[in-house]
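Data first, discussion second: the structure below is written as structure tokens.
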């Protein structure tokens, strides 16, 4: 019962953090694009955010297993408050080179904060549910992941609205105050050594992973790079600059995409109800990986002027926004199913005492993929355009699929 109460408190804090994380991304992207930053400059603003996620997940898993998840959660909330206050001090008349460096540093702190809180919440699921009831574990992991992404979508929307109404600085201050209240409540609510390993964790266990976890981590790198190569810079800047959308409209689209993505993630166990063990989960991951491969390529063809009309399909220019937006929503549905399956498998493959280590390692791989996708998003979009981003996305999904093919259907206990 204590673990359940602690888990509820950890999850509530994580949800509050997620709102600010989504809002901050949209605030930074739209504010600095409006100031005249190039797509590559914008990608660099998020570079340290993703890079620090690699380091944080790698060592954060060890810290969580060694000292408990309370420490990682409290540290994450505190660091995010510091990052928000740091960003609020920026002045628009600073030189671009100095501003980029300053924002990258603040974003690095935010990246540390995000992954400390995420690892705390996702590791806590295994501790509460255990490893025997795979159906319940699948549902809880999918619900947590889906709700997180839905809330992040509301954060995207909030970021666009706050930028239009409150401005950049006041928006950051208001989020810092909210997280301060959440931190105080968490300090007074969460008790015990949630997630602390019963035996001493050696340094070599940071690197020693099972075959299944290594394959999943490799697949995660390319899966999330395939999304972020168009998601981070390409699509929002394209909607703003090419379609003439407002801040609110861009934030609204990004919010709707990520909220829909989260709802699908949370619903995956309902329509994949037979996937209640690692064997079924591995099979489903391969099947849905194949389905995801074709979608970015189809979107790329649909938004390339003259391609469809060249094969006899009428494609007036005013249909391009519909093809792009509709296609990306389809991508979001299938991507969410893949992500939910992968998230379930990493927890199911983990031993009880090492769940924080394995989740940290897995989300380190996630951060590597996001880092690569972020850099590619600015680079490819600036020099080759959005269509090229979509073709790169298709290739990255294919690589992710290849890494899921060797996955067997066993748990560490059964193996």
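The values are calculated or read from the model by the stated rules, or taken from the named source; none is laboratory data. Just so you know, these numbers come straight off a predicted model, no measurement behind them. With ideal geometry, Cβ positions are generated from the backbone for all residues, glycine too; neighbour counts draw on all protein chains shown.
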note = Here the residues within the range 33-44 that are part of a helix (DSSP H, G or I) and surrounded by fewer than 24 Cβ atoms within 10 Å (Cβ to Cβ) are 33, 34, 39, 40, 41, 44
ask   = Is it true that residue 157 is at pLDDT 85 or above and part of a helix (DSSP H, G or I)?
value = yes
request  = Quickly run through the range 22-32 and pick out the residues that are closer than 13 Å to residue 176 by Cβ and surrounded by fewer than 24 Cβ atoms within 10 Å (Cβ to Cβ).
outcome  = none
key: Single unsatisfied condition, residue 184 versus (1) modelled with pLDDT of 85 or more; (2) surrounded by 17 or more Cβ atoms within 10 Å (Cβ to Cβ)   = (2)
ask   = Looking at the range 250-263, is at least one residue assigned to a loop (DSSP other than H, G, I, E, B), modelled with pLDDT under 85 and either within 27 Å of residue 72 (Cα to Cα) or touching a helix residue (DSSP H, G or I) at 6+ places or on another chain (Cβ under 9 Å) (or both)?
value = no
message = Conditions first: (1) loosely packed, with under 14 Cβ neighbours inside 10 Å; (2) at pLDDT 85 or above; (3) in a loop (DSSP other than H, G, I, E, B). Residue 90 passes all but one, so which condition is the exception?
response = (1)
task = Of the numbered conditions (1) modelled with pLDDT of 90 or more; (2) closer than 30 Å to residue 346 by Cβ; (3) under 22 Å from the mean Cα position of the chain (by Cα), residue 326 fails exactly one; give the number of that condition.
result = (2)
ask   = Does any residue in the range 71-85 that is free of Cβ contacts under 8 Å to residues at least 12 places away in the same chain and on the phi < 0 side of the Ramachandran plot come within less than 8 Å, Cβ to Cβ, of a residue that is crowded, with 24+ Cβ neighbours inside 10 Å and in a helix (DSSP H, G or I) six or more places away or on a different chain, and which pairs are these?
value = 71/64
Whichever residue in the range 295-323 is exposed (fewer than 14 other Cβ atoms within 10 Å of the Cβ) and touching a helix residue (DSSP H, G or I) at 6+ places or on another chain (Cβ under 8 Å) and, among such residues, is modelled with the highest pLDDT = 305
query = Residue check: is residue 238 at pLDDT 85 or above, out of contact with any strand residue (DSSP E or B) (no Cβ under 8 Å at 6 or more places or on another chain), assigned to a loop (DSSP other than H, G, I, E, B) and under 30 Å from residue 31 (Cα atoms)?
reply = no
